[in-house]
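Please read the structure below before turning to the comments.
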Amino acid sequence: MLYADVAGRVLLGIVFAIACIGKVRSAAAFNAFAESLRDLGWLTGSARRAVAVAIPASEAAVVILLAVPATALWGFAAGLSLLGALTIGAGIAIGRGQRVECRCFGSTAKPMGTTELIRNGILIAIALAGLAAGLSARPGPVSATAMTLTAGIAWLGGLLIVGWDEIGYLITANPA
């Protein structure tokens, strides 16, 4: 289970790091993200700004917690909580017929839909699996090759999750 723990930590760490950086990379990116929260319909000006600060701060905290072996379980729990809250909030807004911009990774303003909720569901499942793996991990022999392969595949998985929308577009685009 150590390999599953490491895979979850790397994959979620990549996803949360890119999400955080995408939102805070510039004042314009942060302001666009903060404005996109207006789409939820229930956040007022000052609350929206506070949530806009809290989300990337929470994402950064998850990355740090996952990076340190002694706090990795807390990282999985925090990531799971954050993903759950974001998914529920977006799901409620989408269910009400509101157009919610997906600024999850800071750059695109595509409306959120079923595919983004599925992506978040996958991340929630990974966080749950990582939490379970972390709770059941027992010290034992570790293969450096297998650990490197595990981390590499998880890194690739994280990049695929971040590129979820673009990959979906490539799959569904009609060739000219």
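The values are calculated or read from the model by the stated rules, or taken from the named source; none is laboratory data. In this text the structure is predicted, and so the values were computed from the model without any measurement. FYI the Cβ positions are ideal-geometry reconstructions off the backbone, even for glycines, and counts take in every protein chain you see. To get the accessible areas, we keep the full protein, side chains included, count just its heavy atoms, and leave off ligands, DNA and RNA. Shrake-Rupley method; radii C 1.70, N 1.55, O 1.52, S 1.80 Å.
Quick look at the values:
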quantity: Rounded to whole Hz, the Karplus (6.51, -1.76, 1.60) HN-Hα couplings of the range 112-128, x for glycine and proline; calculated: 6, x, 4, 5, 6, 5, 5, 4, 5, x, 5, 5, 4, 4, 5, 5, 5
quantity: Mean residue ellipticity (222 nm) of the chain, computed from DSSP H runs ≥ 4 via -39,500 (n - 2.57), nearest 500; calculated: -25500 deg cm²/dmol
quantity: Accessible carbon and sulfur surface of the chain relative to its total accessible area, %, 1.4 Å; calculated: 72
quantity: Whole-number Å³ per residue for the convex hull built on Cα positions in the chain; calculated: 125
quantity: Interchain or long-range residues, amide H under 5 Å from C102's placed H; calculated: K110, M112
quantity: Using θ = phi - 60° and Karplus 6.51 cos²θ - 1.76 cosθ + 1.60, couplings along the range 63-74 (whole Hz; Gly, Pro as x); calculated: 4, 5, 4, 5, 6, 9, x, 5, 10, 4, 4, 5
quantity: Per residue accessible area of the chain, 1.4 Å probe, in Å²; calculated: 53
quantity: Unit charges at the beta carbon, dipole of the range 1-159: most positive-side option, S143, W155, A27; calculated: A27
quantity: Overall dimensions of the range 37-133 by Cα: Rg and Dmax, Å; calculated: 14.1, 43
